[in-house]
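Below you'll find the structure, written out as structure tokens, and then a few comments.
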Amino acid sequence: MSLEESLTEFLEDGDDWERKKTSVDGVFILKLPEYKGNPPRLAIELNPTDSSGNPTKKRGLMMFNTGELEKFREMINEEGLDGLMDTIMQVNPEKGKKKRPEEEEEDVIEI
């Protein structure tokens, strides 16, 4: 079955919001439902995957046409993005276990 036949079949028979894996890790096809008079359509979703090939984010980056793909490529290749990410990583706190209220030290007023 050709790529076009596979995508046409998915568009016709897939469930709304169904996500299909592709042969490229992190690239998915998403079936979008009919919306405001627009017919159901397909979109490319880029979403990092775990070791099992499952998406790690609830929703990834969705693209509907080649114009959007080119814009995203330009934005991702922006020179300042690497420096911005490095700075964000320095500013953000370490990821760790959040303490539950009962584990936190209680403020005690000594009399």
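Laid out as a table, the results:
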| read-out | value |
| --- | --- |
| Of all residues in segment 36-51 being part of a loop (DSSP other than H, G, I, E, B) and either open to solvent by 80 Å² or more (accessible area, probe 1.4 Å) or not polar (S, T, N, Q) (or both), the one that is farthest from E68 (Cα to Cα) | S51 |
| Of residues in segment 52-63 being in a strand (DSSP E or B) and touching a residue at least 24 places away in the same chain (Cβ under 8 Å), the one least open to solvent (accessible area, probe 1.4 Å) | P55 |
| Count of residues meeting criterion [part of a helix (DSSP H, G or I) and at pLDDT below 70] in segment 76-103 | 3 |
| Members of segment 13-35 found to be acidic (D, E) and either open to solvent by 70 Å² or more (accessible area, probe 1.4 Å) or under 12 Å from the mean Cα position of the chain (by Cα) (or both), listed by number | D13, D15, D16, D25, E34 |
| Inter-residue pairs, beta-carbon under 6 Å, first closer than 30 Å to L7 by Cβ and in segment 64-87, second open to solvent by less than 70 Å² (accessible area, probe 1.4 Å), 6+ apart | F64/A43; L69/M63 |
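The values are calculated or read from the model by the stated rules, or taken from the named source; none is laboratory data. Remember, predicted model here, so these are calculated numbers, not experimental data. Reconstructed Cβ throughout: ideal geometry from the backbone, glycine too, with neighbour counts over all protein chains shown. Ligands, DNA and RNA are excluded from the accessible area calculation, which covers all protein heavy atoms including side chains. Shrake-Rupley method; radii C 1.70, N 1.55, O 1.52, S 1.80 Å.
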